[in-house]
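Please treat every number below as a calculation from the coordinates, not as lab data. Just so you know, these numbers come straight off a predicted model, no measurement behind them. Every residue, glycine among them, receives a Cβ derived from its backbone with ideal geometry; neighbour counts consider all protein chains shown.
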Amino acid sequence: MTKARFRRHGAGGADRAAGMLEYVAVVLLTAMLLAAVVLAVPGTVTGALERAVCAALGLDDCDRSRRAADERYEPERCLRSRATEVAGGEVEVIVSVGEQVSFVTERFSDGRTQLTLVDSSRLEASLGLGGGVNLGKALRLGASLDVTGSVSLPNGSTWILGSPEEAQRLREDLRTRQKIDATRRISPLIGWGVDKIWGPDIPPPDITRQGVESSLGAEARTGAGLGNEDDDRPGKGSGRGIEGWDISPQLHAHGAVGVTAVLSRAENRRDGTVMTVYELGGTAQVGAHWVVDRVRPTVGRSGTMTVVQDTEGRVVSLLLAQTARTPDGPTVTTTHLKVDTDEKRRMVAEWLGLVADDQVIPLTWDSMAPTELAPDASPFERWVFEEGRTTRARYDYDNDVRDVSASLKVGVSLGLGGTWGGESLDIVEAEYLGAPRDGVRSYTEYGRCA
């Protein structure tokens, strides 16, 4: 009996040993396939390979491993909201000179809140020409062209805070400080006394910025009216029941284009890094008015590239962003690249070239967030595809900025104006690019952002 039992036990052990050998063989085969694919496609682990490994090893919940791979590409934070309060004025004597102060409060998904005080001075000039003919209702023709250019110097101070409540308190202190400074300019003695009693202590900003912004815009209008269209105001019609019998009554059209360029340099006093920001934006508008219909499709995009350097002047990160403005609100696509090796720094230096802002131009129509890897991709494009952390977020936009002005032309232009109000962005939805699979990256929900 003992012998027989021993034989049966030995047979069971042999079965288990055989099963173990089969399992080891599968693992070895899988490892060989994995090595072959990795060698063939360096830097990319394909989705097909992941599915094959899961099936071969009989693992449960293969989607969990896919989610884990995607999460490695999840950006560290995103912008949830931005609120801007604006106040300023301008004086026009041939050219327009203005001052504007803005408070910008930004809330991020990691709990941080940033408050930025922007103080900008602006110089603007315009040139126009045009002419027209008006022969009553029988014939009206006209055309005009206006070209406007401006330069502003937006200087900013940013404080990095732990909550919106801290930002609110600091904003009130900054407003108080502005009022005291204005009083000191009018009456130094009274201002000194007010400062001693009520003057708040303002901490030094974490980030300081100096910049220059320039814009150039052109707008053209043309109009024509032909026929006997009745006046549609109450009591002014002919009462014949037929109005505007001619082919194209009151045909008006206009078009406008504008380009804005921004270059700024900011210093982070916390870690000593320096950020150089290049931004280029373009807008286009075309409109027409046929009696009652008004069509005004608009397109506005801007590209922003931020190059971050450490205290030794080495590039440590690159941020590429595109803002596309639509009637549903702006969509912002951002790609962050960490530059942590000398090889990557050489690649960035080669891509930037001698004039960095040349690389901003494509950002106005290409978000630089590739979802597919082209066969002829350059080393820089491959790096962006394989390592870039990309967020695509859509925001609700509200603008309550109001302008009031009065002007008079008596050989030269004279005028006064003022601006106040605010604008806001609030996150609606967000997603980010997941891990590369089969040469493709797909957007996935970014729950921590929206």
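Numbers below:
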read-out	value
Label zone at Val274, where the point sits 7 Å out along the Cα-to-Cβ direction: the stretch 148-191 residues whose backbone N lies under 20 Å	154-158
Difference of contour (0.36 nm per residue) and Cα-Cα distance, Trp192 to Asp400	71.3 nm
Listed peptides 300-311, 151-162 by packing density, highest first (mean Cβ within 10 Å)	300-311, 151-162
Simple spin-label estimate for Asp376 and Leu153 in nanometres, 7 Å along Cα-Cβ	4.7
Sequence ranges 198-204, 391-397, ranked by mean other-Cβ count within 10 angstrom, highest first	391-397, 198-204
Gln178 versus Trp420: modelled label distance in nm, points set 7 Å from Cα along the beta carbon direction	1.1
